[in-house]
């Protein structure tokens, strides 16, 4: 009982004191970047995170994950990748307020739009936190389709308006992670919307699927629905080519099995994880290594 009261007190103190500070910092960073020219905002945030992020505990976690996934790398290469990773993340933050302008200026090369151009139904675009992942859904917008998304409520709800601001650009529905998301995916498909999903993060209720040779809890609900509804599923790869220049590539639709049993779902999930792993191996500095992809024990 005493532990519960202590936990509730800490949570209340966090809500009263820490949340407003976090919100002030988050919105301050957003509007500061928004006031700057796009390329300068991207470069400035890259420099900021490149200097300060390696001093945080997240750097140690990222190093453990990278070593776990790619054990043959030497220390100098690990450090190079991690510092470049922080700079890439800084660029993503700096580019966030300018994301529409980046597309309008033609700084994004879209490849494979023909695969979804004449799609008469909804489908899934499967991506990962690589490059600037906020640009992936614009492939669907370029073909005149609305984009639906799933969100996990932020730990600090005062920052939630930044999340909903993004969805206003996408035009489709947004669904809360969990049961609402599963039902929402079916609804989005029925409306002809493209459901964009980043499936490279740990999911407690997911299936254990190989990733860099280690089991990782992986989302499978979209795979179940895609098989049952025979809805097309495409890869959505985003690459940073340099500075604020990008390439977004949409693959042909994946071949799906006819039945959604566990073996078939595992087969598709393994194929997707292998594809994403290939992207990361090509440009490891563009993936978000601090995430606990293999759980807290790494």
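The values are calculated or read from the model by the stated rules, or taken from the named source; none is laboratory data. All values derive from a computational prediction rather than experimental measurement. With ideal geometry, Cβ positions are generated from the backbone for all residues, glycine too; neighbour counts draw on all protein chains shown.
Taking into account only those residues within region 240-258 that are out of contact with any helix residue (DSSP H, G or I) (no Cβ under 7 Å at 6 or more places or on another chain) and exposed (fewer than 15 other Cβ atoms within 10 Å of the Cβ), which is farthest from residue 124 (Cα to Cα)? In this case the residue turns out to be 242. Among the residues making up region 263-298, those that are exposed (fewer than 13 other Cβ atoms within 10 Å of the Cβ) and in contact (Cβ under 8 Å) with a residue 12 or more places away in the chain are 281, 295. Evaluation of residue 112 against the conditions (1) at pLDDT below 95; (2) surrounded by fewer than 20 Cβ atoms within 10 Å (Cβ to Cβ); (3) within 14 Å of residue 141 (Cα to Cα) shows that the sole unmet condition is (1). The test for being modelled with pLDDT of 90 or more and buried (at least 17 other Cβ atoms within 10 Å of the Cβ) holds for residue 53. Does region 202-219 contain at least one residue that is in the same structural domain as residue 134 (by TED's automatic domain parsing), closer than 16 Å to residue 124 by Cα, at pLDDT below 95 and surrounded by 15 or more Cβ atoms within 10 Å (Cβ to Cβ)? Scanning region 202-219, I find at least one residue that is in the same structural domain as residue 134 (by TED's automatic domain parsing), closer than 16 Å to residue 124 by Cα, at pLDDT below 95 and surrounded by 15 or more Cβ atoms within 10 Å (Cβ to Cβ), so the answer is yes. All of 62, 128, 69, 84 fail the test of being under 20 Å from the mean Cα position of the chain (by Cα) and farther than 30 Å from residue 37 by Cβ, apart from 69. For region 222-239, indicate whether the set of residues that are touching a strand residue (DSSP E or B) at 6+ places or on another chain (Cβ under 7 Å), surrounded by fewer than 21 Cβ atoms within 10 Å (Cβ to Cβ), within 24 Å of residue 282 (Cβ to Cβ) and touching a residue at least 24 places away in the same chain (Cβ under 8 Å) is non-empty. Looking through region 222-239, at least one residue is touching a strand residue (DSSP E or B) at 6+ places or on another chain (Cβ under 7 Å), surrounded by fewer than 21 Cβ atoms within 10 Å (Cβ to Cβ), within 24 Å of residue 282 (Cβ to Cβ) and touching a residue at least 24 places away in the same chain (Cβ under 8 Å).
Residues that are without any contact (Cβ under 8 Å) to a residue 24 or more places away in the chain and part of a helix (DSSP H, G or I) were ranked within region 64-117; the one that is nearest to residue 294 (Cα to Cα) is 67.
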